[in-house]
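Chemist: Before we start, here is the structure in question, set down as structure tokens.
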Amino acid sequence: MSKKIPRWLGFDKQSDYVRTYFFNTNMRASIHMSLIVIVLEIWMIVRMLNQYFSGQLPKPFSYYFSNYLIFYIVLLSSGIFMLVCALLHIRGKLKRRWIGTLAKWLFAGISLYFGIRISIGDYTKGEQILTFLTMELFVMCLFVWRPFVGFLILTLTYLFYVSRISGIAPVSGAYSVLSKLSEYTPEEAYEKLQAIRETRGLSQATQINLFTMWLSTLIISFSNYHKTLTQALKDEHLEEVNAYLNKISVNDELTGIHNMVFFRSEAEKLLGYITTDKENIVFLYFDIENFKYYNEKYGFHEGNELLRKVAKMIDSAFTGSLVSRLSDDHFVVLTRYDGCDEIIRTLGAKIHEFQREVHLELKCGAYRPMQEEETIDPSVACDRARFACNSIKKRYEQTFQMYDKTLEDRFHLKQYIINSIDTAIESGYIKVFYQPVVNTADRSIVGLEALARWQDPNYGLLPPGVFIEILEEHRLIHKLDQCIIQQVCRDYREAADKGLAFAPVSLNFSRLDFELCDIVGYFEEKAREYGVPQEYLDVEITESALSDQQNLLQAAMRRLRQDGYKVWLDDFGSGYSSLNFLKDYQFDVLKIDMKFLSGFSDNLKTRPILQNIVNLTQQLDMVSLTEGVETPEQFDFLAKIGCSRAQGYLFSKPVPIADLRERIDKGELHVNARYTAISA
Ligand code: C2E
Ligand code: CA
Ligand code: CA
């Protein structure tokens, strides 16, 4: 209640929005008002000049000028001033708002003054108070005044007006006396006239009329104010909601910097403006290497904290540029090329400040549009920058990579792979190559690793290093693995039908296979379809697969082993915490990564490490296999320390099954007696 009255009278404090709203309303209303006044006053001036020059007006020009024309001209000027201010405001060119307010007050003041003046003139001519009222209504109803201001203007002008006309208006009844004057004797008439002269003043009826008009004008003015105020508050609220919605729709919730919706739309606008000098802009893609481990080690909360810090760091390093978070630990920037390498270098050094036990590195890929590129799609540009960034992953201390011709070719190849995997499978471009696994005791073949090759009509023979990662990234890898499973089963069937030698084949499963399809179901179905016994099919799972999707993977592995298949741990020792996995999962074969052999001749530590791993596998009841065996020394050492199996170029590279048979036939390789011939 205590707030309602001041508010009703317009004494409350108003927001900038509401004040601007009133101002705008007044400026819009004043266009019509001032136009009417301008037209009217021009007409008055022309009419008076015309009358004067045609000799209808007897008095000297100075009389008309000082009594009429000057006022018309003043009113006309205030109308023009008002109109100009209002138009400038609407075009957004009126920088100082007080000028508009001044125009409003001047215009209102002058209009009211003229209303009063002319009405008084009219009054003496018996034309009553029309102009006064018109002006009063005009100014009070079209302009929005705070109620107390409206009240003051109205009351003061009414009082002023009333006081002025009281002196000239005869009281009611005076006219009736005057009209009957002829009925009196001259003495009586003189007395009556004297009496009328002394009883000037407003009659009661006129007073009541004026009061009623004052009141109604006041009410209209108040109601106008409150209607506009309600509308303004409603609009203000809408505007706030809108601003909030805009904010959350363009900002990344976690880091507070912009999101990709904003980035794309702003980048498009920006690129639209730039016609020349396109080469001076650059798209940057940032990635925090090892963020995943950081997140795993310190938890979600700390991970988010790190993202916020990095976002802030990048955002403030590129002030004035477009900076957004794309997803996870990926950020994109659209900025000027000049000087950006220096900033990136600084950022690359700065990120070490945030690292704890997990080593963090900032990787940045960049894409500069070519001058001849007609339209630049921000999404494609970001994709290329990301591609450049991904090409330097795991390259220690290389922070920056520009998207260049070599990468461009690789980028195209990548697009090609994604688009053509289905065709490649259907057309039989995907082939299985086999690499033998030998027994260290007698060098006989006891297994074959199935390795995928893509024999492409355009690109030639593509090794898996080229396409596996891409297919995984685009979640298409299961298609390839299913294709390999089918071919291996078919190769087995063919050998069995012909009574030829065939050894157990180990298949590489991607960790994504378990997510993307029921790979175990498919695998068992194909084995049944081609009649492949369990002992002829093994599954290799890499160490890196074990770190995520634990439940799915654990269940799949259990199922495979229950159904009689052997599960191998591939690439042992290539990643982080391998020993933990040995505790949590049961494997039949442990495949020691080839990186242990790469330093074989000069790193003296390699031998005891290998020896220990082999001992461990024996204790854990697993078969040990070392891959990447290239020299007889390596092989002899492995045989000596009790590693049961070996695989590597020393025996054979991965080759098509026919080539392998040829070498076996030539006696270069021999198959273990268990597998020399399989019966159908
Ligand atoms: P991997 O499973 O560790 O396969 C062993 C890789 O080492 C093969 O490369 C093989 O050619 C190579 N290699 C074998 N012996 C030697 C050697 O003595 N010296 C050297 N330097 N290298 C040797 P490849 O065939 O290029 O395969 C690369 C990787 O691609 C594989 O690593 C495997 O992770 C993946 N891959 C291959 N085929 C498939 C597949 O059908 N499905 C899935 N999911 N992944 C596959
Ligand atoms: Ca493998
Ligand atoms: Ca391996």
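The values are calculated or read from the model by the stated rules, or taken from the named source; none is laboratory data. What you are looking at is a predicted structure, and each value in this text was computed from that prediction instead of being measured. Note: ideal-geometry Cβ built from the backbone for every residue, glycine included; neighbour counts use all protein chains shown. Ligands, DNA and RNA are stripped out before the accessible areas are found, and what is left, the full protein with its side chains, is counted by its heavy atoms. Shrake-Rupley method; radii C 1.70, N 1.55, O 1.52, S 1.80 Å.
Chemist: Look through the range 351-384, keep the residues that are assigned to a loop (DSSP other than H, G, I, E, B) and of a type in the set (Val, Ile, Thr), and return whichever of them is farthest from residue 403 (Cα to Cα).
Modeler: 358
Chemist: It is to be established whether one or more residues within the range 412-420 are open to solvent by less than 20 Å² (accessible area, probe 1.4 Å) and basic (Lys, Arg).
Modeler: yes
Residue-wise test of (1) in the same structural domain as residue 436 (by TED's automatic domain parsing); (2) modelled with pLDDT of 90 or more; (3) within 16 Å of ligand 2 (Cβ to nearest atom).
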{"position": "545", "(1), (2), (3)": "yes, no, yes"}
{"position": "551", "(1), (2), (3)": "yes, no, no"}
{"position": "563", "(1), (2), (3)": "yes, yes, no"}
{"position": "569", "(1), (2), (3)": "yes, yes, yes"}
{"position": "572", "(1), (2), (3)": "yes, yes, yes"}
{"position": "593", "(1), (2), (3)": "yes, yes, yes"}
{"position": "628", "(1), (2), (3)": "yes, yes, yes"}
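Chemist: Out of the range 20-51, which residues are in contact with a Lys or Arg (Cβ under 9 Å, 6 or more places away or on another chain) and of a type outside the set (Gly, Ala, Ser)?
Modeler: Quick first cut of the range 20-51, residues in contact with a Lys or Arg (Cβ under 9 Å, 6 or more places away or on another chain) only: 20, 22-23, 26-27, 30.
Scanning the range 20-51 gives 20, 22, 23, 26, 27.
Chemist: Hey, can you tell me all the residues within the range 506-526 that are more than 16 Å from ligand 1 (Cβ to nearest atom) and of a type outside the set (D, E, K, R)?
Modeler: 521
Chemist: Looking only at the range 263-285, filter to residues that are of a type outside the set (A, V, I, L, M) and at pLDDT 90 or above; which one of those is most open to solvent (accessible area, probe 1.4 Å)? Before you say what the answer is, go through the steps one by one.
Modeler: So the first thing to find is which residues in the range 263-285 are of a type outside the set (A, V, I, L, M), and the list is 263-266, 268-269, 272-273, 275-280, 283, 285.
Next cut, at pLDDT 90 or above only: 263-264, 283, 285.
Details: 263: 0, 264: 95, 283: 1, 285: 5 Å².
Among those residues, the one meeting the criterion is 264.
Chemist: Determine whether residue 621 is over 15 Å from residue 646 (Cα atoms), within 15 Å of ligand 2 (Cβ to nearest atom) and either more than 52 Å from the chain's Cα centre (by Cα) or open to solvent by less than 70 Å² (accessible area, probe 1.4 Å) (or both).
Modeler: Numbers: over 15 Å from residue 646 (Cα atoms): yes; within 15 Å of ligand 2 (Cβ to nearest atom): no; either more than 52 Å from the chain's Cα centre (by Cα) or open to solvent by less than 70 Å² (accessible area, probe 1.4 Å) (or both): yes.
No.
Chemist: Right, next: Being more than 22 Å from residue 463 (Cβ to Cβ) and within 16 Å of ligand 3 (Cβ to nearest atom) is true for just one of 566, 583. Which residue is that? Working first, answer last.
Modeler: Numbers: 583 fails: within 16 Å of ligand 3 (Cβ to nearest atom).
The match here is 566.
Chemist: If you scan the range 278-298, which residues turn out to be part of a helix (DSSP H, G or I) and over 17 Å from residue 255 (Cα atoms)?
Modeler: First pass over the range 278-298, keeping only residues part of a helix (DSSP H, G or I): 278-280, 291-298.
Once the filter is applied, which keeps residues that are part of a helix (DSSP H, G or I) and over 17 Å from residue 255 (Cα atoms), the range 278-298 yields 278, 279, 280, 292, 293, 294, 296, 297, 298.
Chemist: Another question, if that's okay. Taking the conditions exactly as written (of a type in the set (D, E, K, R), exposed (fewer than 15 other Cβ atoms within 10 Å of the Cβ), more than 16 Å from ligand 3 (Cβ to nearest atom) and at pLDDT below 90), does residue 397 satisfy them or not?
Modeler: Yes: the conditions hold for residue 397.
Chemist: Continuing with this model, one more query. Determine whether the range 184-196 contains at least one residue that is surrounded by 14 or more Cβ atoms within 10 Å (Cβ to Cβ), modelled with pLDDT under 85 and closer than 30 Å to residue 366 by Cβ.
Modeler: no
Chemist: Here is a follow-up. Identify all residues within the range 437-447 that are within 12 Å of ligand 1 (Cβ to nearest atom) and under 21 Å from residue 510 (Cα atoms); write none if there are none.
Modeler: Passing the criteria: only 437.
Chemist: Further, regarding this structure: Among all residue pairs at least 6 apart or on different chains, which show Cβ distances below 6 Å where the first residue, located in the range 235-261, is touching a residue at least 60 places away in the same chain (Cβ under 8 Å) and assigned to a helix (DSSP H, G or I) and the second is polar (S, T, N, Q) and open to solvent by less than 40 Å² (accessible area, probe 1.4 Å)?
Modeler: Going by the 6 Å Cβ cut-off, the qualifying pairs are 260/324.
Chemist: Please name all residue pairs, on different chains or six or more residues apart, with Cβ atoms under 9 Å, provided the first residue is in the range 475-486 and is on the phi > 0 side of the Ramachandran plot and the second residue is open to solvent by less than 30 Å² (accessible area, probe 1.4 Å) and more than 14 Å from ligand 2 (Cβ to nearest atom).
Modeler: 475/512
Chemist: Here is a list of conditions, (1) touching a residue at least 24 places away in the same chain (Cβ under 8 Å); (2) in contact with an Asp or Glu (Cβ under 9 Å, 6 or more places away or on another chain); (3) of a type in the set (Phe, Trp, Tyr), and residue 649 meets all of them except one; can you say which number that is?
Modeler: Failed condition: (1).
Chemist: Here's another thing I want to ask about it. Filter the range 353-392 down to the residues that are open to solvent by 60 Å² or more (accessible area, probe 1.4 Å) and of a type in the set (Asp, Glu), then identify the one that is farthest from residue 339 (Cα to Cα).
Modeler: 357
Chemist: Looking for something at pLDDT below 90, more than 14 Å from ligand 2 (Cβ to nearest atom) and part of a helix (DSSP H, G or I) - is there at least one such residue anywhere in the range 518-525?
Modeler: Of the range 518-525, the ones at pLDDT below 90 are none.
For the range 518-525, residues at pLDDT below 90, more than 14 Å from ligand 2 (Cβ to nearest atom) and part of a helix (DSSP H, G or I): absent.
Chemist: Given the conditions (1) under 46 Å from the mean Cα position of the chain (by Cα); (2) more than 16 Å from ligand 2 (Cβ to nearest atom), report the number of the one that residue 533 does not fulfil.
Modeler: Status for residue 533: all satisfied but (1).
Chemist: Conditions: (1) out of contact with any Phe, Trp or Tyr (no Cβ under 8 Å at 6 or more places or on another chain); (2) aliphatic (A, V, I, L, M); (3) closer than 23 Å to residue 512 by Cβ; (4) within 16 Å of ligand 2 (Cβ to nearest atom). Residue 555 meets all but one. Number of the miss?
Modeler: Going through the list (1) out of contact with any Phe, Trp or Tyr (no Cβ under 8 Å at 6 or more places or on another chain); (2) aliphatic (A, V, I, L, M); (3) closer than 23 Å to residue 512 by Cβ; (4) within 16 Å of ligand 2 (Cβ to nearest atom), residue 555 breaks only (4).
Chemist: Only residues that are modelled with pLDDT of 95 or more, polar (S, T, N, Q) and part of a loop (DSSP other than H, G, I, E, B): list them for the range 434-480, please.
Modeler: Within the range 434-480, 440, 444 meet the criteria.
Chemist: Name the one entry in 436, 463, 457 that is surrounded by fewer than 15 Cβ atoms within 10 Å (Cβ to Cβ) and within 16 Å of ligand 3 (Cβ to nearest atom). Lay out the reasoning, then the answer.
Modeler: On the way: 436 fails: surrounded by fewer than 15 Cβ atoms within 10 Å (Cβ to Cβ); 457 fails: within 16 Å of ligand 3 (Cβ to nearest atom).
Of 436, 463, 457, the one residue that is surrounded by fewer than 15 Cβ atoms within 10 Å (Cβ to Cβ) and within 16 Å of ligand 3 (Cβ to nearest atom) is 463.
Chemist: Can you pull out the residues in the range 286-325 that are surrounded by fewer than 15 Cβ atoms within 10 Å (Cβ to Cβ) and hydroxyl-bearing (Ser, Thr, Tyr)?
Modeler: 316, 319
Chemist: Looking at residue 506 and the list (1) modelled with pLDDT under 95; (2) buried (at least 18 other Cβ atoms within 10 Å of the Cβ), which single condition is not satisfied?
Modeler: The number of the failed condition is (1).
Chemist: Restricting to the range 574-591, name every residue that is modelled with pLDDT of 85 or more and within 16 Å of ligand 2 (Cβ to nearest atom).
Modeler: Hits for the range 574-591 are 587, 588, 589, 590, 591.
Chemist: So, one more: When residue 249 is evaluated against the numbered criteria (1) in the same structural domain as residue 10 (by TED's automatic domain parsing); (2) at pLDDT below 90; (3) open to solvent by 20 Å² or more (accessible area, probe 1.4 Å), which criterion, by number, is the only one it fails?
Modeler: With (1) in the same structural domain as residue 10 (by TED's automatic domain parsing); (2) at pLDDT below 90; (3) open to solvent by 20 Å² or more (accessible area, probe 1.4 Å) applied to residue 249, the lone miss is (1).
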